[in-house]
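First the structure, in the form of structure tokens, and then the observations on it.
Values quoted throughout were computed directly from the atomic coordinates according to the rules given, and no laboratory measurement underlies them. The shown structure was predicted, so the numbers you read here are calculated from the model rather than taken from an experiment. Because the Cβ atoms are built from the backbone with ideal geometry, glycine has one as well, and the counts that use them run over all protein chains shown.
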Amino acid sequence: MLELAIVICVAAILFLLLRSYSRVGKNTEGAKKGIMENIFKKLFARRRKRVEDEIIKTLDGSNSGIVSPKEIDDAQKHFATADPELAKILYEASEAYDRGDFNEVEEKAIVAVGRDKRCDQAYSYIAASAIEKKNEKDAEEALEIALKCNPENALAHALFGQLLYDKEKYSESIEHFQKAVNLDRNRADWQAGLGKAFMVVRQYAKASKALKRAATLNIDNAEYKKLAMEAEEKQRAHSQVGR
């Protein structure tokens, strides 16, 4: 009887061990299967992301350089031209100017002049490119032509103001910057240029007004805020000395 009991106990232990091993095997297989599924999911997700990125890149590339009819219509009004092709060229030059791509600005402006010899805005863009390249003589000549074609060209006046400021001709610089801001009061950089010129000639009240306007138009520009405060302090100090 004792021997039979021992055999039964050993058999029971073996049965339990085999059952546990079977469960472990199943769990291991399940874990392996789960890991493989996750790997495939990640691989397919990455591939899908690459495909999506390629599609977006292709679409962006196909849309670059396209000017919509509305943009051309707006450009015709802005640049005061009845020629839609000229308006498109000037619009592209304007976009390049905002990006700071002055090589493209010059290329587009030259094409515009070829289409209309009296296109004042094109001469302004040629001048802007020349200023960027430190070619003062060409810039001055282009600005003179621009203002001869259109004395109300705000950009030409602003560029002339900057050119004269750099040449330390501050009174003439103020004259052109003043005309520019009178034609367009919403350009922070032009207001700042006017304010800086007033600062040099110690007209602090006018400098403070222009620089405050610049800081208001461009609230993220720390330089404008600093200059506005400096002008106000100098105005206050100057007023106290005069008493």
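What FRET efficiency, computed as 1/(1 + (r/R0)^6) with R0 = 35 Å and r the Cβ-Cβ distance, is obtained for THR216 and GLU95, rounded to the nearest 0.05?
Details: r = 26 Å, r/R0 = 0.74.
About 0.85, to the nearest 0.05.
Mind ordering 92-101, 168-177 by average Cβ neighbours within 10 Å, highest first?
Numbers: 92-101: 16.6, 168-177: 18.2.
In decreasing order of mean packing, 92-101, 168-177 become 168-177, 92-101.
Using 0.36 nm times the number of residues separating SER171 and ASP138, minus their current alpha carbon distance, what extension gain do you get? Can you show the working numbers first?
On the way: separation 33, 0.36 × 33 = 11.88 nm, distance 2.18 nm.
Here the segment from SER171 to ASP138 would lengthen by 9.7 nm.
Strictly over 28 Å apart at the Cα level, which of LYS134/LYS234; LYS133/LYS196; LYS137/LYS196 would you flag in this model? Could you put the intermediate results ahead of the total?
Values: LYS134/LYS234 32 Å; LYS133/LYS196 22 Å; LYS137/LYS196 23 Å.
In this structure, LYS134/LYS234 lie more than 28 Å apart at Cα.
Classify the range 173-243 as rounded, prolate or oblate from the Cα gyration tensor: take a ≥ b ≥ c as the square roots of its eigenvalues, call it rounded if a/c is under 1.5, otherwise prolate when a/b beats b/c and oblate if not. Intermediate values should be presented prior to the final figure.
On the way: a/c = 2.55, a/b = 1.41, b/c = 1.81.
Oblate.
Mind giving me the nanometre distance, one decimal, between the label points for ILE72 and VAL111, set 7 Å out from Cα along Cα→Cβ?
Using points 7 Å along Cα→Cβ, the separation is 1.3 nm.
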